Amino acid sequence: MADPNHCNSLSITDNRTGKSYELPIEHGTVRTMDLRQIKESEDDFGLLGYDPSFLNTASCKSQITFIDGEKGILRYRGYPIEQLAEKSSFLETAYLLIKGELPDKERLAVWTYNIRHHTMIHANLTKFMDGFRYDAHPMGILVGTVGALSTFYPDAKNIGDEESRKLQVRRLIGKIPTLAAMSFRHHLGFPYVLPDNDLSYAGNFLSMMFRMTEQKYEPNPVLEKALDVLFILHADHEQNCSTNAVRSVSSSKVDPYSAIAAGCAALYGPLHGGANEAVIRMLEGIGSVDNVSAFIKSVKSGKGRLMGFGHRVYKNYDPRARIIKKIAFEVFEETGRNPLLDIAIELERIALEDDYFIGRKLYPNVDFYSGLIYQAMGFPTDMFPVLFAIGRAPGWLAQWIEHVKDPEQKIARPRQIFLGAPCRDYVPLDERPSRGDDEEKFGICRL
Ligand code: ACO
């Protein structure tokens, strides 16, 4: 029990019993385990916290990413996202996230060399890729093939071994663009392109995506740089849905490929990594600037959401959205203006002046403009969440390492409030009364 005279504590009186308790406050939090001492009677289990979807529960202590959602601040290891986007490269940022400090010249060169020399995949993985249907969603392919990597690298199970962890980090960051590009080529029926280790990380990815018969693919430097910055902007975002999935799955001490496959699966959803794909579909559905007002009206009346707007944490302009908007114009200088851009700008203008969106603190998030850039670069909408996954891989890995090394972490196992049937006796089938015209009775599928 905390010292009652100490001001960093929370006093609670249980009105059921009249008893008072002092819970220590550390880093602005109380430990919900401290609630367990609060009991109605000796055989009572003790008080639990109830927090569906973790709206107000910290699941870990972390030193990786800082977000102030009210002020629109995002920092990786203390460095503002704006500075990293302007001055760093994706691989340098990946190093920072994973190792905690910016590398010196020599370390960066070794790190870059190591990642580049892990871009090849086992030939059997190619056969596995071939097994997907021609129209398989590339994100589904990514979930499957990242998970399959665990069968190629059984040594990855040694999660307690630092050298093994380092190797899996290099392999995963190196191979994820290869798998991503292969999923795209598979869909089109084009032969897979081998990695070109002379190119930058983003340049090599563009080569594996778009190279046709040319001897050497030469990426457009503006698009290469834009893609690199987009990867930086997506590299980590503290305890979001997919990172929470990675941490939760890896808490069972499974290998990192399986845990990161779970992260990819979480990212597949339209409320997370699928949002920029949904933005494009929404903009295409609106069709013209003239229809924007009517669309906003329909959102306000509860018919769907304005995709690319709103965020669980940011209650101000997402700082990544600001950077992305600038990149969009640089990319369109090269590729020509995406005709959906005008609809997006008008949507943003109207929404930012509208009480519905102002009152709910709904601002553009990272996905509002990213899809438009990807589309202008020639990526099909199906590939958008896959691009997000490439960028997010270092963040997932940094969070995985932090989780594995954290002595306070145990297997993730939330509690529940059970509101189901009380104990009752099994009734034999022929003694059960008919339950009427329910779905199961008449829902038998006859093909
Ligand atoms: N359009 C219209 N209304 C919205 C939107 C939106 N995009 N987002 C939230 N709202 C409204 C809700 O209807 C709700 O209104 P109410 O209080 O009248 O019921 C209120 O704002 C609060 O919304 P919640 O769903 O409680 O907010 P939550 O924090 O759970 O959701 C989320 C955050 C999922 C991102 C949500 O804003 C959303 O669905 N946005 C669109 C999808 C999207 O862009 N996702 C990408 C997120 S960024 C990322 O994953 C990288």
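The values are calculated or read from the model by the stated rules, or taken from the named source; none is laboratory data. Bear in mind the structure is a predicted one, so any value in this text is a computation, not a measurement. Heads up, the Cβs are rebuilt from the backbone with ideal geometry, glycines too, and the neighbour counts pull from every protein chain shown.
One table, with the values for the structure above:
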{"read-out": "Those residues of the stretch 165-214 which are among the basic types (Lys, Arg) and either at pLDDT below 95 or out of contact with any Phe, Trp or Tyr (no Cβ under 9 Å at 6 or more places or on another chain) (or both), in sequence order", "value": "Lys166, Lys175"}
{"read-out": "Subset of the stretch 259-271 (residues that are outside any helix (DSSP H, G or I), near the ligand (Cβ under 10 Å from one of its atoms) and more than 17 Å from Leu372 (Cα to Cα))", "value": "Gly269, Leu271"}
{"read-out": "Yes/no for Tyr79 being touching a residue at least 24 places away in the same chain (Cβ under 8 Å) and not polar (S, T, N, Q)", "value": "no"}
{"read-out": "Every pair of residues 6+ apart whose Cβ atoms lie under 6 Å, when the first sits in the stretch 265-279 and is among the acidic types (Asp, Glu) while the second is more than 7 Å from the ligand (Cβ to nearest atom)", "value": "Glu277/Thr381; Glu277/Phe384"}
{"read-out": "Scan of the stretch 202-254 for residues that are in contact with a Gly (Cβ under 9 Å, 6 or more places away or on another chain), of a type in the set (Gly, Ala, Ser) and part of a helix (DSSP H, G or I), ordered by number", "value": "Ser242, Ala245"}
{"read-out": "Meets criteria (under 13 Å from the mean Cα position of the chain (by Cα), crowded, with 21+ Cβ neighbours inside 10 Å and either of a type in the set (Val, Ile, Thr) or within 12 Å of the ligand (Cβ to nearest atom) (or both)) for Asp236", "value": "yes"}
{"read-out": "Residue within the stretch 316-327 that is within 9 Å of the ligand (Cβ to nearest atom) and over 28 Å from Val146 (Cα atoms) present", "value": "yes"}
{"read-out": "Sole exception among (1) within 14 Å of the chain's Cα centre (by Cα); (2) assigned to a helix (DSSP H, G or I); (3) surrounded by 23 or more Cβ atoms within 10 Å (Cβ to Cβ) for Val279, by number", "value": "(1)"}
{"read-out": "Verdict on Gly285 being within 11 Å of the ligand (Cβ to nearest atom) and without any contact (Cβ under 8 Å) to a residue 24 or more places away in the chain", "value": "no"}
{"read-out": "Elements of type helices (runs of 4 or more DSSP H) in the stretch 114-190, at least 2 residues being in the same structural domain as Tyr201 (by TED's automatic domain parsing) and closer than 21 Å to Trp400 by Cβ", "value": "138-152, 162-188"}
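One line per residue, one yes/no per condition, for (1) more than 14 Å from the ligand (Cβ to nearest atom); (2) farther than 22 Å from Pro219 by Cβ; (3) touching a residue at least 24 places away in the same chain (Cβ under 8 Å); (4) not assigned by TED's automatic domain parsing to the domain that holds Gly285:
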{"residue": "Arg349", "(1), (2), (3), (4)": "yes, yes, no, no"}
{"residue": "Tyr356", "(1), (2), (3), (4)": "no, yes, yes, no"}
{"residue": "Arg360", "(1), (2), (3), (4)": "no, yes, yes, no"}
{"residue": "Tyr363", "(1), (2), (3), (4)": "no, yes, yes, no"}
{"residue": "Gly371", "(1), (2), (3), (4)": "no, no, yes, no"}
{"residue": "Phe388", "(1), (2), (3), (4)": "no, no, yes, yes"}
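Residues are listed down the side, and each one gets a yes or a no for (1) under 26 Å from Leu188 (Cα atoms); (2) modelled with pLDDT of 90 or more:
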site: Pro339; (1), (2): yes, no
site: Arg349; (1), (2): no, yes
site: Arg360; (1), (2): no, yes
site: Pro364; (1), (2): no, yes
site: Ser370; (1), (2): yes, yes
site: Thr381; (1), (2): yes, yes
